Amino acid sequence: MSRFCCVLRDGAFSMVSMAADRASGHTISSEPNVGANQALAAMRTMMSKLKLTVNENKTRVCCLPEEKFDFLGYTFGRCYSMRRGRVYVGTAPSNTRVQRICRTISDETGRDTVRLDPKTMVEKLNRMLIGWANYFCLGSVSKAYRAVDIHARRRLRRWLCDKHNEPRPGYKRFPEASLHSVFGLVQLPHRTASLPWARA
């Protein structure tokens, strides 16, 4: 899938994702109907020249910041900065994508995988977590990182209990700190300090 952003005047613009011969997108305006209709029309014209069919069921006009919309795995809309005490329009990983990675982690740590050794399992989880975080590194990511981090710890601890016939939940034998310091599970919240916008 490729992506395309068409910026137009009057504070309105179109964001389009394209796959094969179809395209879908959102036309965004800071004020209702100001420039939005022109942006939408321009996007349709441009897609027509590219011989792409606009998926009308997935294309709509949004008014920010009152509304939110999902695009390429991110939710665009009103965000809150607790550190700076202000409201702004930004992005965050969508709930759908957070739930999807959590389901994948659950699938990879099922009882049918206890034959693996802990090192192999943790390496697999780390690749999955780091790959996900490398894509979802823009905007407000801390909340999503914490949710995925908690789920990954819970599933790894449960997997270790099953592997070693340890009664669940196994907090005493496999405390949170040991999952990272002993087994080497990555901690996504620690990655936010190295993100470009964190140093800006």
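Here are a few things to note about the model shown:
- Selection over the range 92-107 of residues that are closer than 18 Å to ASP162 by Cα and touching a residue at least 40 places away in the same chain (Cβ under 8 Å) gives a count of 2.
- Screening the range 13-57 for residues that are basic (Lys, Arg) and surrounded by 13 or more Cβ atoms within 10 Å (Cβ to Cβ) and picking the one that is modelled with the highest pLDDT gives ARG44.
- Output for the range 172-193, where each listed residue is aliphatic (A, V, I, L, M) and crowded, with 16+ Cβ neighbours inside 10 Å: LEU179, LEU185, VAL186, LEU188
- When the range 131-141 is filtered for residues that are surrounded by fewer than 17 Cβ atoms within 10 Å (Cβ to Cβ) and assigned to a helix (DSSP H, G or I), the ones remaining, listed by number, are GLY131, ASN134, TYR135.
Okay, residues lined up against (1) surrounded by 16 or more Cβ atoms within 10 Å (Cβ to Cβ); (2) charged (D, E, K, R); (3) in a helix (DSSP H, G or I):
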| site | (1), (2), (3) |
| --- | --- |
| GLN99 | no, no, yes |
| LEU129 | yes, no, yes |
| LYS143 | no, yes, yes |
| TRP159 | yes, no, yes |
| PRO167 | no, no, no |
| GLY170 | yes, no, no |
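- Contact annotation: residue pairs with Cβ atoms under 8 Å, 6 or more positions apart or on different chains, pairing a residue in the range 65-91 that is more than 19 Å from TRP132 (Cα to Cα) with a partner that is outside any strand (DSSP E or B) and aliphatic (A, V, I, L, M), are GLY77/LEU64; ARG78/LEU64; VAL89/LEU64.
The values are calculated or read from the model by the stated rules, or taken from the named source; none is laboratory data. Because the structure is a prediction, the values reported are computed rather than measured. Note that we place each Cβ from the backbone using ideal geometry, even for glycine, and neighbour counts take in every protein chain shown.
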